[in-house]
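Structure, as structure tokens:
The values are calculated or read from the model by the stated rules, or taken from the named source; none is laboratory data. Just so you know, these numbers come straight off a predicted model, no measurement behind them. Here the Cβ positions follow ideal geometry from the backbone for every residue, glycine too, while neighbour counts run over all protein chains shown. For accessibility, only protein heavy atoms count, side chains too; no ligands or nucleic acids. Shrake-Rupley method; radii C 1.70, N 1.55, O 1.52, S 1.80 Å.
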Amino acid sequence: MRLPIAIATLLLAATSSPTLAFQTPLRLPVVTSITRSPSSVAAAPWHQHPCRHNGKPLQMSAAAAAVEEPSSGTGTVSIPVEIFNLVKSIVGAGVLSLPAGIAAFGNAPSAILPATALISIIGFFSAYGFSLIGRVCSYTGGQSYRDAWSKSVGDSTSWIPAVTCTFKTCFAVLSYSMILADTIRALLMTAGVETSRTMALLGITSTTLLPLCLLKNLSSLAPFSLAGIAGMFYTSIAMAVRYFGGAYKLGAPAVVKGSKAAAVPAGKYLADVASNYQPKFGDLGASAALSPNTFILICMLSTAYMAHFNAPKFFIELKDNTIKRYNTVVGTSFGISVFLFALVGSLGFLTFGSASSGLILNNYSGKDALMSFSRIAVAFSIVFSYPLIFVGARDGWLDLLKVPMEKRSDSVLTKTTLAILTGITLLATQLKELAFIMSLAGATLGNALIYVYPALMFRSAVKGMGEKATKGLKREVPFAMFSALLGVGMGCVGAKMAFSLL
């Protein structure tokens with residue numbers, strides 16, 4: 001169950017740090033630059049989208065004529081603030097599953113070398129896709145992911161990213177519930193309260209999640225998202241303290257029987273850890289990266305950097321939003337995220353080796369106060385992020401069902417909330433192989449949103465420029481399509497790995 005949990009957890013992170021950025025002001029209160037939500041591209045029903053005129057897509061905007069020239073935006077957010085917000089959107093609880101991804105192919109410390117290389121390479125292509133979306137918005141005047149698609153590829157097919165994002169959000173909410181069930185149960189047991197996973201989830205859903213999902217104004221939850229990134233930074237520091245302090249190291253007997261050489265004592269908390277979670281190391285190091293099992297880590301990383309639903313928002317809100325300044329934000333943010341991913345993945349793996357859990361916090365002792373606080377921080381972050389993601393899923397469904405805005409009364413929203421939340425909670429209590437669903441969703445929906453759709457939009461945008469497109473842009477199109485093919489390849493590998501979990 002270790003790898004299934006890892007894959008589900010990381011795919012959760014890919015759609016966690018929820019965002020309301022693509023919701024129109026009439027739909028939801030905007031939470032300023034802190035969250036992301038896949039379904040937000042479904043902000044308007046496809047047949048009522050503002051990019052549609054007499055049933056035909058609007059033409060390429062005048063911005064396209066400028067090609068690589070600065071956009072005259074009205075954004076007010078500085079580069080440092082954008083970098084902070086984007087890192088906060090990328091780095092979530094899913095980073096805690098990366099040690100298990102490394103453990104999938106290696107059990108020796110040197111396995112972190114190829115793992116770090118993979119984290120960096122996939123991070124680069126993810127950043128490139130994020131950059132493409134912002135650039136397409138610059139060329140076409142697009143205001144959201146769906147709008148960018150409508151003004152580049154065509155409005156008649158804009159339902160494709162809308163459906164993709166809605167389903168991806170639903171999977172995120174489902175995995176949120178499953179992780180909360182395990183986390184709350186672990187915290188209660190640490191406090192000496194015996195309970196089942198089902199009862200833990202029902203308790204947190206009825207007492208906390210439901211009231212939060214029924215809130216009419218979600219902007220009050222904005223400050224709590226800051227706790228999420230703070231919790232991740234705290235957890236990485238705590239993991240470093242425990243690794244370098246040897247609190248979980250294996251003991252070793254004297255080298256020679258009867259020798260005066262002292263045995264190496266076991267770590268302080270090792271005895272409190274279940275045997276299946278205790279450190280295990282072998283001789284499968286860097287060379288083990290040639291194993292097919294490496295594709296498990298690749299599958300996890302393929303959607304690890306997902307924040308692409310928010311790319312238009314970051315471009316539009318950036319002060320003096322030239323493409324150069326926007327790419328500075330993207331490059332720096334993804335660079336920091338790559339560092340954090342590599343750091344947490346390496347620390348967890350170096351501490352527990354092949355025994356690394358799909359949620360690395362499970363490896364640490366319940367008596368370890370330093371790590372127990374990390375569990376609290378993660379649970380806190382998920383609880384207050386849950387309603388932001390949930391509302392995106394709910395509104396995505398209402399859009400797909402073509403429920404007009406004027407008919408979305410409080411009564412309708414309440415009934416819809418109860419129906420969806422009940423269904424998701426029941427599924428979360430019964431499903432045992434969520435990893436298959438989440439892996440398949442990430443491999444198909446996630447890879448499409450990160451790698452395939454941005455490349456298709458960029459190619460169409462450049463084509464729409466005609467003779468005004470520079471030679472540089474035209475030469476870049478093949479590379480963009482290579483990025484799309486890479487996404488398709490990772491999607492096929494991820495789908496195969498998903499079916500192998502059955």
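Do we find that Leu215 is outside any loop (DSSP other than H, G, I, E, B) and hydrophobic (A, V, I, L, M, F, W, C) in this structure?
no
Anything in the range 105-114 that is open to solvent by less than 20 Å² (accessible area, probe 1.4 Å) and either modelled with pLDDT under 90 or part of a helix (DSSP H, G or I) (or both)? List them, or say none.
Within the range 105-114, just Ala111 meets the criteria.
Conditions first: (1) of a type in the set (Lys, Arg); (2) in contact (Cβ under 8 Å) with a residue 40 or more places away in the chain; (3) closer than 25 Å to Ile360 by Cα. Arg135 passes all but one, so which condition is the exception?
(3) is the only condition that Arg135 fails.
This table checks each residue for (1) farther than 28 Å from Ser411 by Cα; (2) open to solvent by less than 40 Å² (accessible area, probe 1.4 Å).
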{"site": "Val153", "(1), (2)": "yes, no"}
{"site": "Ala162", "(1), (2)": "no, yes"}
{"site": "Phe171", "(1), (2)": "no, no"}
{"site": "Tyr176", "(1), (2)": "no, yes"}
{"site": "Arg197", "(1), (2)": "yes, no"}
{"site": "Leu221", "(1), (2)": "no, yes"}
{"site": "Leu226", "(1), (2)": "yes, no"}
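From Thr416, Thr425, grab the single residue that is in contact with a Lys or Arg (Cβ under 6 Å, 6 or more places away or on another chain), surrounded by 13 or more Cβ atoms within 10 Å (Cβ to Cβ), part of a helix (DSSP H, G or I) and modelled with pLDDT of 90 or more.
Thr416
Does the range 287-298 contain any residue that is at negative phi, buried (at least 24 other Cβ atoms within 10 Å of the Cβ) and modelled with pLDDT under 95?
Yes, the range 287-298 has at least one match.
When you look at Tyr234, is it among the aromatic types (Phe, Trp, Tyr) and part of a helix (DSSP H, G or I), yes or no?
Yes; evaluated as a whole, the condition is true for this residue.
Filter the range 284-316 down to the residues that are under 16 Å from Ile133 (Cβ atoms) and assigned to a loop (DSSP other than H, G, I, E, B) and list them by number.
Listed by number, the residues that qualify are Thr303, Tyr305, Met306, Ala307.
Quick one: in the range 369-406, of everything that is crowded, with 21+ Cβ neighbours inside 10 Å and among the charged types (D, E, K, R), which residue is nearest to Leu174 (Cα to Cα)?
The selected residue is Arg394.
State whether one or more residues within the range 132-141 are under 30 Å from Ala428 (Cα atoms) and not in a loop (DSSP other than H, G, I, E, B).
Among the residues of the range 132-141, not one is under 30 Å from Ala428 (Cα atoms) and not in a loop (DSSP other than H, G, I, E, B), which makes the answer no.
Just to verify a result, which residue in the range 175-231, among those that are in contact with a Ser or Thr (Cβ under 7 Å, 6 or more places away or on another chain), among the β-branched types (Val, Ile, Thr) and farther than 24 Å from Val95 by Cα, is modelled with the highest pLDDT?
Looking at the filtered set, the residue picked out is Thr205.
Among the numbered conditions (1) open to solvent by 60 Å² or more (accessible area, probe 1.4 Å); (2) modelled with pLDDT of 85 or more, tell me where Asn447 comes up short.
Here Asn447 meets the rest and fails (1).
For the structure I just gave you, tell me whether Phe124 is within 19 Å of Gly335 (Cα to Cα) and open to solvent by 20 Å² or more (accessible area, probe 1.4 Å).
yes
So which residues in the range 134-174 are modelled with pLDDT under 90 and of a type in the set (Val, Ile, Thr), if there are any at all?
Scanning the range 134-174 gives Val163, Thr164, Thr166, Thr169, Val173.
Please identify the pairs in which a residue from the range 480-502 that is in contact (Cβ under 8 Å) with a residue 60 or more places away in the chain has its Cβ atom under 8 Å from the Cβ atom of a residue that is open to solvent by 10 Å² or more (accessible area, probe 1.4 Å) and not in a helix (DSSP H, G or I), counting only partners at least 6 apart or on another chain.
As it stands, the answer is Leu501/Glu433; Leu502/Glu433, since those pairs meet every condition given.
For the range 317-337, enumerate the residues that are buried (at least 22 other Cβ atoms within 10 Å of the Cβ) and either on the phi > 0 side of the Ramachandran plot or part of a helix (DSSP H, G or I) (or both).
Residues satisfying the conditions are Tyr326, Val329, Val330, Ser333, Phe334, Ser337.
Being more than 36 Å from the chain's Cα centre (by Cα) and aliphatic (A, V, I, L, M) is the filter; apply it to the range 235-265 and report the residue that is modelled with the highest pLDDT.
Restricting to residues being more than 36 Å from the chain's Cα centre (by Cα) and aliphatic (A, V, I, L, M), the top hit is Ala252.
Return yes when Glu467 is closer than 19 Å to Ser138 by Cα, exposed (fewer than 13 other Cβ atoms within 10 Å of the Cβ) and charged (D, E, K, R) and no when it is not.
It is true that Glu467 is closer than 19 Å to Ser138 by Cα, exposed (fewer than 13 other Cβ atoms within 10 Å of the Cβ) and charged (D, E, K, R).
Could you check the range 456-474 and list, in sequence order, the residues that are closer than 20 Å to Leu486 by Cα and over 31 Å from the mean Cα position of the chain (by Cα)?
Lys474
Might you check whether a residue that is open to solvent by 10 Å² or more (accessible area, probe 1.4 Å), in a helix (DSSP H, G or I) and of a type in the set (Gly, Ala, Ser) occurs anywhere in the range 346-364?
For the range 346-364, residues open to solvent by 10 Å² or more (accessible area, probe 1.4 Å), in a helix (DSSP H, G or I) and of a type in the set (Gly, Ala, Ser): present.
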